[in-house]
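> My questions will all concern the structure given below.
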Number of protein chains: 2
Amino acid sequence: MRLTTVRAIAVSNIPIVSNGDNLAEMILENIQLEDGDIVVITSKIVSKSEGRLVKSSSVTVSAHAKEIAERNGFDPIHVELALRESVKIVREDGVLITETKSGIVCNFSGVDKSNVPNDDFVLLPIDPDQSALTILDNLTKATGLRLALIISDTQGRPWRKGSINVAIGCAGINAFKYNQGKKDLRGRVLKRSTICQIDEITALVESLMGQANESIPVTIVRGYDYSEGEEKASAINRQHENDLFR
Amino acid sequence: MRLTTVRAIAVSNIPIVSNGDNLAEMILENIQLEDGDIVVITSKIVSKSEGRLVKSSSVTVSAHAKEIAERNGFDPIHVELALRESVKIVREDGVLITETKSGIVCNFSGVDKSNVPNDDFVLLPIDPDQSALTILDNLTKATGLRLALIISDTQGRPWRKGSINVAIGCAGINAFKYNQGKKDLRGRVLKRSTICQIDEITALVESLMGQANESIPVTIVRGYDYSEGEEKASAINRQHENDLFR
């Protein structure tokens, strides 16, 4: 049965996260979860809990990073960290688009400066799917509920201006849902229709999380009829040979 | 004040749409709108109401379309219509990515075959922002409410596999919200953070609309704290000189 209402709920009162914090406990202290809930959390608090902060003063900038920074007017330390987090530079002219070690193609390897102590940069989690699995396991053990978990990050994209919130890690929910074999209104079988359900879920909750000083790093999506399974967020990343826009 | 819950509601019982139908009337017959509601409707029913169906038997395929179709194993009529709707081919090797006359870069100019009579193709609305404005005007006149309207389409994207629902037309709501000048948790002013709010809103409701034989072409997003204004969905389309991935 298709549900007819989906709700997105902001979880307020999550304290500022530090290295080693148990995110599952912090979530459960602030919201009563229900069976079938999808918990969406920002990559930033996952990174903080995993100690993925870097002090600017500790960073030695390479010649390559310095050259890219000077040519484009970027912060050399920001460039250096983006390069360290990357396996490949996709573009470096006016933008710095890289492929991260975890396979995500994005701006500056997702290295960011907002909402962290003044001198620090925050790096994306090393393995966001694994982070999601760990947090979900803790939530599941504590509640006994069937839950899903998504880790979000706000990213730009080609063709369309403006950033949107996307999923970089997931557990308990498939990255995609497939309409293959389903029939349309006229009874014709749809050849292929692969929807990235975790990106769609993640997009809307950004409005509750906010980008600036709203401290809402956790939201719950309730009533969403999702495809459950083991397909990871890393499956979203296009392989080089299939990505026509590199 | 930031609202803490957003709801997406499927509007069921919308009948199959024909050329000339008044969509605002059809919507109002099936849901009680509230002040601040965002109405999201599929491009498909807008196209149908505007007579944007083409019979395959009426289409003469050009040599160029035939060549692209043969080389890639595409339907020649589908390619022909995609070319007619386009001002530019972006890629034509394994995919057919075009820029439409209304400026959208997408697969096959958004020309589609599902959920239309057997021999027909459906084209995107000629000017989706204008379509949105017309429908919104009718809704506003009939209800006296402050409303917003978004026209959605399901599209693929570079870098990330799977399609997601995006906004191709809007009225009564800005395409973007800007976090420039806002401060982060540490009181630092964010340099730039432009969020495509209409794409974020549109993404989640796809789960209620479905891609196959669920006839839910209209959804309502309620409780979303949106930036109101005149900024059109066409503002999302990157200009050639700014789009590094063409």
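A short reminder: the numbers here are calculations on the coordinates, not readings from a lab. Everything numeric here is computed off the predicted structure, so don't read it as measured data. Here the Cβ is made from the backbone with ideal geometry for all residues, glycine too, and neighbour counts use every protein chain on show.
> Which order do peptides B:12-20, A:143-151, A:198-206 fall in by mean Cβ count within 10 Å, highest first? Could you put the intermediate results ahead of the total?
On the way: B:12-20: 13.3, A:143-151: 20.0, A:198-206: 28.8.
In decreasing order of mean packing, B:12-20, A:143-151, A:198-206 become A:198-206, A:143-151, B:12-20.
> Could you check the simple spin-label distance between A:Lys66 and B:Val59, using points 7 Å along Cα→Cβ, in nm with one decimal?
Label-label distance for A:Lys66 and B:Val59, simple model: 5.8 nm.
> At B:Asp225, label 7 Å along Cα→Cβ: distances to the other copies, nm, ascending?
3.2
> What are the distances, in nm and sorted shortest first, from the label point of A:Gly20 to the label points of the same position in each other copy, with each label point placed 7 Å from Cα along the Cα-to-Cβ direction?
7.5
> Which whole number gives the average, over all residues in A:220-227, of C-beta atoms from other chains lying within 10 Å of the residue C-beta? Walk me through the intermediate numbers first.
Working: counts 1, 4, 2, 4, 4, 3, 1, 0.
Counting other chains' Cβ atoms within 10 Å and averaging over A:220-227 gives 2.
> Restricting to DSSP H runs of at least four residues, report the calculated mean residue ellipticity at 222 nm for chain B, -39500 (n - 2.57) per run over all residues, nearest 500 deg cm²/dmol.
Numbers: 6 runs with 61 residues, N = 246.
It lands at -7500 deg cm²/dmol.
> Roughly what would the spin-label model give for B:Arg84 and B:Glu228, points 7 Å off Cα along C-beta, in nm?
The modelled label-to-label distance comes out at 4.1 nm.
> Take every DSSP beta bridge whose two residues both sit in the protein assembly as shown, then give the antiparallel share in percent to the nearest 5.
Details: 67 of 79 bridges.
So the antiparallel bridges amount to about 85 percent of the total.
> Residues of A:151-158, mean number of Cβ from any other protein chain within 10 Å of their own Cβ, rounded to a whole number?
Details: counts 0, 0, 0, 4, 2, 2, 9, 9.
If you average over the peptide's residues, the count of other-chain Cβ atoms is 3.
> Taking K and R as +1 and D and E as -1, what net charge do the other residues with C-beta under 15 Å from the C-beta of B:Ile27 add up to? Mind showing how you got there, number by number?
On the way: positive: B:Lys44, B:Lys48, B:Lys141, B:Arg222; negative: B:Asp21, B:Glu25, B:Glu29, B:Glu34, B:Asp37, B:Asp137.
Spelling it out: positives minus negatives among the neighbours equals -2.
> Note the angle between two axes, namely the Cα long axis of helix A:63-72 and the longest principal axis of the Cα atoms of chain A, as a number of degrees from 0 to 90, rounded to the nearest 10.
80 degrees
> How many nm is it between the label spots at B:Lys101 and B:Asp35, if each spot is 7 Å from the Cα in line with the beta carbon?
Between B:Lys101 and B:Asp35, the label points sit 4.1 nm apart.
> Rounded to the nearest 20 Debye, what is the dipole magnitude of the protein assembly as shown about its Cα centre when Lys and Arg each give +1 and Asp and Glu each give -1 at the C-beta?
Working: 58 positive and 66 negative charges, 96 e Å.
Value, rounded to 20: 460 debye.
> Could you tell me which of A:Gly162, B:Ile89, B:Ala235 has its Cα farthest along the dipole of the protein assembly as shown towards the positive end, charges placed at Cβ (Lys, Arg +1; Asp, Glu -1), taken about the Cα centre?
Projecting each Cα onto the dipole axis, the largest value belongs to B:Ile89.
> Taking each residue of A:160-171 in turn, how many C-beta atoms of other protein chains fall within 10 Å of its C-beta, and what is the average? Could you put the intermediate results ahead of the total?
Details: counts 15, 12, 15, 9, 10, 5, 5, 1, 0, 0, 0, 0.
Mean partner-chain Cβ count within 10 Å for A:160-171: 6.
> Could you pull out the pairs from B:Lys113/B:Lys232; B:Lys44/B:Lys101; A:Lys161/B:Lys177; A:Lys88/B:Lys177; A:Lys55/A:Lys88 whose alpha carbons sit more than 20 Å apart here? Can you show the working numbers first?
On the way: B:Lys113/B:Lys232 27 Å; B:Lys44/B:Lys101 17 Å; A:Lys161/B:Lys177 12 Å; A:Lys88/B:Lys177 31 Å; A:Lys55/A:Lys88 23 Å.
Going by Cα-Cα distance, B:Lys113/B:Lys232; A:Lys88/B:Lys177; A:Lys55/A:Lys88 fall outside the 20 Å limit.
> What is the local net charge at A:Lys55, summed over the other residues whose Cβ is closer than 10 Å to its Cβ (Lys, Arg +1; Asp, Glu -1)?
On the way: positive: none; negative: A:Asp119, A:Asp120.
Around A:Lys55, the charge tally is -2.
> Now for a different question. Put a point 7 Å out from Cα along the line to Cβ at A:Asp137; what are the distances to that point in the other copies, in nm, shortest first?
When each copy's label point is compared with this one, the spacings are 6.0 nm.
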